[in-house]
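To start, the structure itself, in structure tokens.
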Amino acid sequence: MDPCPYVRLTVGNLALKIPVATKPARTVVHPSSSPCFCKIKLKNFPYQSAAVPYILSDQNGNFSDGQVQSVAATFHLSKDDVDKLTQKSIFAGKPYLKIAVYTGRTGATCGVSSGRLLGKISVPLDLSAVEARVVVYHSGWINVGKEAKLSPAEFHLDVKAEPDPRFVFQFDGEPECSPQVFQIQGKISQPVFTCKFSFRTTGDGSQRSRSSQSDHGGGGGRGWLSSFGSEREKPGKERKGWSITVHDLSGSPVAAASMVTPFVASPGSVRVSRSNPGSWLILRPGDGTWKPWGRLEAWRERGASDGLGYRFELIPDMGAAGVVVAESTLSSAKGGRFSIDLASRTGAAGGGVGHKGGGWSLNFTLKHQAGAGGSSSPICGSPKGSGDFGMGLWPYSGYRGFVMSARVEGEGRCSKPRVEVSVQHVSCTEDAAAFVALAAAVDLSIDACRPFSHKLRKELCQNLDLVS
């Protein structure tokens, strides 16, 4: 089945250049000594905010080809989104990307915005041909503000759209109910995977399933799972042993997600804390056993957000340290979008809890790993070829730009995850199945991180738990 057409609209390389007045007004904080930011808005999408670096007026404001291209905001447009933006109506004209530039700090004090509006910019968008080719709408400087006409402020930005086709998968039920997974293309859907939720008991590695489908192929590959987690025993205040296996239509297991570190309440509380998170291993078949592909950690954030915090890292091989490619927060009440997007920057989301789907950039990941004691070199070992895990999964050679996203619902809601995977990252069934398993683990983590004062639904409780 063909992928679904998507368009990726990016805004980047922001900069602000304001002439320095001979006698600046004392009542106005000049941007050279105060931070600047902007709010970026596209119709039907939440606004995104971004910091804007300041450039002195006597500096050359050119952006060289060798300079790192920073992405300030990204909008992912499905075919329906494009159609809504381009539909002809007497009430709706040509779509515009609108940018409001502010001086001062972002945020609000006592309900009043702390920034001072410098000016607004509107960039017209012609989305008629973006599904077939890259379109650059603006690249360079533009006058902004209400300053003197002879010396206006200048704002630099690059705006472009490019085709970003994706495979779309939809669970037809909640992951703990062992659902089918359908591939979606427009109004057409067809089954491609089946899921089996089960409980993995500690010690012998055996599983007790809630479905009648076949178990993991081969039992010899489960013993090493405990080496990635910890056997923390706190009866009544832990959730452990959850596992979900993804099968293709022939019944062969093609991916799995297994809870390797129990979700345990912190001492004196009923919450899973950030300092002691639970974790999952995302597994792919290889050489007659299961091989780790990624590790997902999750916890319950404290404070006003009260959200699900998560961190996902790729595992290059059994010996090398993992590489963090996603870390953010989802609303525990409303749910949100888990995303791996190596071209986005953190903090780009406007509104909501945390950055729903805000991914770490690859440059930041390297610095983060180096600062945490990991290797700062992208070559921690030889790059993996297609013989390992079915494709080149070495994160610095295999993954670029948007990778995947999964929409999950919050607590108490019927959650049927919807998964989008970039076409460039799928070359076989196992590739797609690994992302489906990851989406299931994210969804199940919403329940695993529920306060222990709340009861879970029966599908998530082992028989012993129900008896107790």
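Only the coordinates and a few stated rules stand behind these numbers; no lab work does. If you're wondering where the values come from, they're calculated on a predicted model, not measured in any experiment.
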For segment 394-450, convex hull of alpha carbons as volume per residue, Å³:
93 Å³
Other-chain or far-sequence residues with amide H under 5 Å of Lys291's (modelled H):
Arg284, Gly286
May I ask which of Lys39/Lys94; Lys39/Lys187; Lys160/Lys187; Lys79/Lys416 have a Cα-Cα span longer than 27 Å here?
Lys39/Lys187; Lys160/Lys187
